[in-house]
1. Go over the candidates N133, N149 one by one and state the one that is in contact with a Ser or Thr (Cβ under 7 Å, 6 or more places away or on another chain), over 21 Å from P264 (Cβ atoms) and assigned to a helix (DSSP H, G or I).
2. When you go through P424, P378 one by one, which is the residue that is touching a residue at least 12 places away in the same chain (Cβ under 8 Å), more than 16 Å from the ligand (Cβ to nearest atom) and in a helix (DSSP H, G or I)?
3. Mind telling me which of the residues S353, S349, S434 ends up being over 29 Å from K227 (Cα atoms) and open to solvent by 50 Å² or more (accessible area, probe 1.4 Å)?
4. What number of residues in the range 341-385 are of a type outside the set (D, E, K, R) and farther than 20 Å from H433 by Cα?
5. Give the residue, chosen from L121, L97, L114, that is within 16 Å of the ligand (Cβ to nearest atom) and either open to solvent by 20 Å² or more (accessible area, probe 1.4 Å) or assigned to a helix (DSSP H, G or I) (or both).
6. Inside the range 177-218, can you point out the residues that are in a loop (DSSP other than H, G, I, E, B), surrounded by fewer than 16 Cβ atoms within 10 Å (Cβ to Cβ) and either within 14 Å of the ligand (Cβ to nearest atom) or of a type in the set (S, T, N, Q) (or both)?
7. Starting from residues that are assigned to a helix (DSSP H, G or I) and open to solvent by 20 Å² or more (accessible area, probe 1.4 Å), keep the ones in the range 24-41 and report whichever is farthest from the ligand (Cβ to nearest atom).
8. Give me the pairs: first residue in the range 274-300 and under 20 Å from F258 (Cα atoms) and of a type in the set (V, I, T), second residue assigned to a helix (DSSP H, G or I) and within 16 Å of the ligand (Cβ to nearest atom), beta-carbon distance under 9 Å, and six or more apart or on different chains, which are they?
Amino acid sequence: MVKEQFNSRFGVIMATAAGAVGLGNIWKFPYMLGQNGGAAFLVVYIVCVLLFGLPLMITEFVMGKRSGQSVRGAYQVLAGNTHWNGIPILTCLSVMLIIGVYLVITGWCVKYLLLSVFPSLPMLNGWTDILCNTIAVFISVMVVWMGVNKGIERLSKIFMPILLLIVIILAVRVAFLPGAKEGLTFLFAFDASKLSFDVVLSALGQCFYSLSIGMGALITFGSYIPKKQNVVSLVGNVIAVDTLVAVLAACAIIPAVFAYGSSPEQGPKLVFSVLPVVFQQMPGGQVMAVLFFALLCIAAITSIVSLLEVLTASLVDISAQKKHPLTRHRAILYTGGVCLLISIFCALSLTDSGNWLVWGGKTLFDHIDRLTSCYMLPLVALSTVIFFGWFVDKNVMKEEMQPHYGSRLWTIRVYYFLIRWCFPILIFLIALHSIGII
Ligand code: TRP
């Protein structure tokens, strides 16, 4: 069976950017900025993206592009039949759990969007959250179902520009609010005293999350890149879009929060409990609320699409070696179904009827969130860099770069220095930081 490929360079950039731009950019980035001192965090974040995000994204893209396979197939092609083939299993398992958690928050976005369009809808209990989860899964499954070109690429090409437009409209509107200046100063006035080891590690972790590093999304999408494309410039563009959206989202949220007298240091609830109140007080607030939650929904659902694609492509590859291979459509139904189930349990654990899903003082949602972001994600990322840095033939990277950069291969030396020595140590540090040891 011939694999589908993205049709154009623009399509690759939009589809990958649509996967990368997600709740991490619009929900997480602004509150992390708020908690970590504004401009200082922003500068460190941009340095992390260029120094670490760029080479790591290139690595994953090259793994996918050279092997032309899903995560599962890529390791098999590059590693042969060795124990490295365990990594794809761990990757898929973490992706499945991440979707579960991610879907719960996406469900809230869908709920807030419905509420801002129809303010009188009765949406009070936990069941509406589950209904909204289901809506999000249904839409994502439909997109993956339509295929790499007709679904993922085509929709990303439509929705990414819309998303950019919405975030620009919001940022401009907010800049004209009386009192917004203070917020913009907070965002852009650099205060070196705010810098700390903690800020650096938080920025690094956020960079990994926002660029979807270490989760197979880039390997999978890399396998759909037409052979003659230059990976470095593709990654450059994706990073630019991802960072732009994060910064614009912060410009839309933080000054609005300042203008209405709230504090930007509220953490995760900034978007869901502070902003709706801010919108209520703002002239034209209902339109702003609709635009904002539409923005969140688009960003979140396109990211779920990319995660579902990772699972679907791997499942198809695994089953291709069995007696009864699965069709892509059937694989999508299975992966969508399992993810929906996990997310329902996660959402349930946050409601009153989900007491049995709470242990150790924490809900299933918290446990899975912690398990994936503190342990599984870093472990996958760590094994990927060690695998590619130490065990994959260096010619794989050289051959990929040669047609575009000729013999300027000193960059490859720098690259290998980073990937063999610096990145493993850094990822280890991020993991210790997120566990709370340092
Ligand atoms: N990058 C997305 C965001 O910013 C989240 C995401 C999508 C992700 N795919 C991923 C995170 C893969 C880690 C791995 O919200």
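1. Just a single option satisfies the conditions, and that option is N133.
2. P424
3. Numbers: S349 fails: open to solvent by 50 Å² or more (accessible area, probe 1.4 Å); S434 fails: open to solvent by 50 Å² or more (accessible area, probe 1.4 Å).
Result of the check over S353, S349, S434: S353.
4. The number of residues fulfilling the criteria is 23.
5. L97
6. Once the filter is applied, which keeps residues that are in a loop (DSSP other than H, G, I, E, B), surrounded by fewer than 16 Cβ atoms within 10 Å (Cβ to Cβ) and either within 14 Å of the ligand (Cβ to nearest atom) or of a type in the set (S, T, N, Q) (or both), the range 177-218 yields only S196.
7. Step by step, filter the range 24-41, then rank; the result is Q35.
8. Between residues of the range 274-300 that are under 20 Å from F258 (Cα atoms) and of a type in the set (V, I, T) and residues that are assigned to a helix (DSSP H, G or I) and within 16 Å of the ligand (Cβ to nearest atom), the close pairs are V274/I253; V278/I253.
The values are calculated or read from the model by the stated rules, or taken from the named source; none is laboratory data. Just so you know, these numbers come straight off a predicted model, no measurement behind them. Virtual Cβ from ideal backbone geometry, glycine too; neighbours counted across all protein chains shown. Heads up: the accessible areas ignore ligands, DNA and RNA and are worked out on the full protein's heavy atoms, side chains in. Shrake-Rupley method; radii C 1.70, N 1.55, O 1.52, S 1.80 Å.
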